[in-house]
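Since every read-out is calculated from the coordinates, none of them should be taken as a lab result. A quick note: this is a predicted structure, and the numbers were derived from the prediction, not measured. Positions of Cβ are backbone-derived with ideal geometry, glycine not excepted, and every protein chain shown enters the neighbour counts.
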Amino acid sequence: PIVNVTEETGVVECTFAIIKPDAMRKGFAAQIKHRILADGFHILQERQLQLSTDIAQEFYAEHLGKPFFEKLTNFMSSGPVTAMVLSRVNAIKAWRSLMGPTNPVAAAEQFPNSLRALYGDKENTTMNATHGSDARLSAQREIKFFFPKRPIFPAPTHQQSHEYIQA
Ligand code: UDP
């Protein structure tokens with residue numbers, strides 16, 4: 001469907017989310033999805049899968065060379081994850097804000113009701129329960145990476161002048 005948006009309501013976007021292996025293992029997936037729906041998101045696509053380390057490394061290629069790269073990609077391939085396409089007005093910002101800051105300790109201090117505060121591991125920043133795209137372009141790339149067969153999120157064009165986004 002084509003969704004009409006105005007400046008007041010903001011732009012209906014898609015973003016990409018992962019429930020990470022720690023939260024899956026601890027049985028938090030249902031609570032996390034409940035919070036997602038309560039926050040007005042639609043879950044457009046969802047799949048459970050386990051990543052190989054190769055795939056995790058490809059997904060996190062932008063972090064290659066950082067000190068936490070190996071720990072992160074080993075962790076992300078350590079068990080099943082849930083990958084989702086979420087849509088909502090201002091989905092990218094809204095999902096980042098529902099997740100909270102990267103570090104679960106900071107999340108607990110600043111946003112105690114955020115998902116990373118509630119479900120992340122306070123002893124280990126890597127195990128912070130969820131992933132979320134940080135921008136329109138990364139959302140597109142990540143959605144395509146996990147849901148290659150159904151490109152549901154074409155880039156906004158100039159003709160659309162950011163008023164219409166295909167959801
Ligand atoms: N991470 C980590 N140590 C750090 C920073 C990040 O283990 O010092 C992990 C953490 O799981 C984080 C992921 O790497 O979610 C990606 O890092 P990024 O800086 O992109 O944070 P995000 O966008 O996920 O909040």
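For LEU44, list long-range residues whose amide hydrogen, built 1.01 Å from N in the peptide plane, is under 5 Å from its own amide hydrogen.
Correct list: VAL85, LEU86, SER87.
Under a cut-off of 21 Å between alpha-carbon atoms, report the lysines in cross-link reach of LYS26, not counting same-chain residues fewer than 8 places apart.
LYS71, LYS122
Enumerate the calculated ³J(HN,Hα) couplings along region 125-142 in order (Karplus 6.51 cos²θ - 1.76 cosθ + 1.60, θ = phi - 60°), each rounded to whole Hz, writing x wherever the residue is Gly or Pro.
4, 4, 8, 10, 6, 9, 10, x, 4, 9, 6, 4, 5, 5, 4, 4, 4, 5
So which lysines can LYS144 reach, going by Cα to Cα under 20 Å and dropping same-chain residues fewer than 8 places off?
Straight-line reach from LYS144, under 20 Å: LYS20, LYS93.
Enumerate the calculated ³J(HN,Hα) couplings along region 89-105 in order (Karplus 6.51 cos²θ - 1.76 cosθ + 1.60, θ = phi - 60°), each rounded to whole Hz, writing x wherever the residue is Gly or Pro.
Values per residue, Gly and Pro as x: 5, 6, 4, 5, 5, 5, 5, 4, 6, 5, 5, x, x, 3, 7, x, 5 Hz.
At 7 Å along Cα-to-Cβ for each site, give me the label-to-label distance between PHE145 and THR126 in nm.
1.7 nm
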